[in-house]
Amino acid sequence: MSAPHLPKVAGIDPEVPVSTHTAAPLTEVPSPPGAFIQDRLAGWVSDLTTLHELTERLAGTSTLDDAMNELLHAGAALVGARRGLLVLEPANGGGPATTRALGLGRADLGHLETVPRAATALGRALDGLPGTTNGITSPDLFGEEGLDPRHREVAVRLGYAASYALPLSSEGAGRIGAALWLYDEPAEPAQKQRHLAGLYARYATEHLARLIELERARADVAAVAEELLPSRLPRVPGVRLAARHRTGPRGGGDWYDALPLPDRTLGLAVGSAGGSGPSAVAAMGRLRAGLRAYAVMEGEDPVAVLSDLELLLRLTEPARTATALFAYCEPAARKVVLAGAGHTPPLVLGDRRCEFVETALSAPLGMLACWEAPSVEFSPAPGETVLLCTDGLLRRTGDPMDRAFARLHSAAASVPKAERHDPAAVADHVLRAMLPDGLDRSDSAEDVVILAAHFE
């Protein structure tokens, strides 16, 4: 007799034994395959956003110093370092060669310079040696075999144990320098950090190369402008002279001159050609050369000198305006006759007075069909200094002109009495008092000229 069959139930085969083991309960739900991709994409977006922000900040810099400082800080953030060093050495030798540091003082830089160039990652990156294109990682300097003894000594003194060097080069700009970041402990940037730093460095190289070319152009314009001005001031009995000239970032047309004339007289002039750049520098040279010729012929009549200069400007550059002031000085008689064309009046500084010379109101050169204004005569006392300056000194302050004039008067009045007999000290004091932050920190593109004449 056969055993009875179990009843058949849909979906269940009674011949298959049932397992006695129970599966463990699910503690977490597995992520779908797309979650990993989303995390990777989010990481890439974050990296690209960071890189975009850093390059935008770098693009906003307009000077070489600002760009170098921005590169050092951004690179330190990308590779996780605290200190760094950036050296510019354009491979074409055109310069400028310069160094900037982050978290390192002058003494620290001096110690680093004593390490043989070939013994440092920075030096190898600067020289463009093979294998340095993608950066040089030194994760543990003290663990390296064959580390230069001087390099070891400097690393101990400065307190760094690892470094990462990155050359600054691109196909368009070539090799212009290298950057080095220092770690306090053995460390190295991760692969992703090195990748981002490399992308940033390539962009920074192009930006720095453009600023280097701009710096060279500015230096060339400034050199030409300086060559067009007096190489030395004349020595005339009874008067001592001093001049200060600072060129704006784009090069301007401010100028000065001191010309010895017959019978131990002296011609003093300051002026400004409108505009900036090479064209303004060229105009300045023509105006100064023309004024010298007219001063030799009729210097005792400042009105005639400026009238001739007006005619020269209208004939050679009818679209340009200029300001000028010419003073005919007789030091022995302490007599000064001057005329101005839209220019800042001179200031007389002595032990008993500090005041502007009252001159007739006149238009700049090139604004009238025929320029002419009456001259003014005054007599500086023994020991007084006549201060002539261009409008650029007033404009660089950023104040309205009336307030800038007040600042100029206050600056001259504050010259210590012990320095009032030295025209160079007077000019330097006025320059510092008018522009306490220095010329380089001003946003103005104006030139600055100060000409001081001390009568004995």
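Worth pointing out:
- Among the residues of the range 389-418, those that are in a loop (DSSP other than H, G, I, E, B) and of a type outside the set (G, A, S) comprise T390, R396, T397, D399, P400, V415, P416.
- Residues that are at pLDDT below 80 and within 30 Å of D422 (Cα to Cα), drawn from the range 202-230: A222, A223, V224, A225, E226, E227, L228
- Counting only residues that are open to solvent by 40 Å² or more (accessible area, probe 1.4 Å), in contact with a helix residue (DSSP H, G or I) (Cβ under 6 Å, 6 or more places away or on another chain) and closer than 17 Å to G342 by Cβ, the range 283-319 holds 2 of them.
- Meets criteria (under 14 Å from A452 (Cβ atoms), open to solvent by less than 30 Å² (accessible area, probe 1.4 Å), in contact (Cβ under 8 Å) with a residue 24 or more places away in the chain and outside any helix (DSSP H, G or I)) for V386: yes
- The set of residues in the range 109-122 that are part of a helix (DSSP H, G or I) and either over 9 Å from A165 (Cβ atoms) or touching a residue at least 60 places away in the same chain (Cβ under 8 Å) (or both) comprises L109, G110, H111, L112, E113, R117, A118, A119.
- Unique residue being out of contact with any helix residue (DSSP H, G or I) (no Cβ under 9 Å at 6 or more places or on another chain) and over 28 Å from S276 (Cα atoms) when the list is G383, G392: G383
- Test set (1) at pLDDT below 85; (2) closer than 20 Å to A173 by Cα; (3) open to solvent by 40 Å² or more (accessible area, probe 1.4 Å) - W44 fails condition number: (2)
- Test: D220 is out of contact with any Pro (no Cβ under 7 Å at 6 or more places or on another chain), under 30 Å from V281 (Cα atoms) and of a type in the set (D, E): yes
- Pair list, Cβ under 7 Å, 6 or more apart: the range 180-205 residue over 22 Å from L88 (Cα atoms), other residue of a type in the set (F, W, Y) and not in a helix (DSSP H, G or I): D184/Y160; E188/Y164; P189/Y164
The values are calculated or read from the model by the stated rules, or taken from the named source; none is laboratory data. All values reported here derive from a predicted model rather than from experimental measurement. When we count neighbours, we look across all protein chains shown, and the Cβ atoms used for this are built from the backbone with ideal geometry, even at glycine. Please note that ligands, DNA and RNA were not included when accessible areas were found on the heavy atoms of the full protein model with its side chains. Shrake-Rupley method; radii C 1.70, N 1.55, O 1.52, S 1.80 Å.
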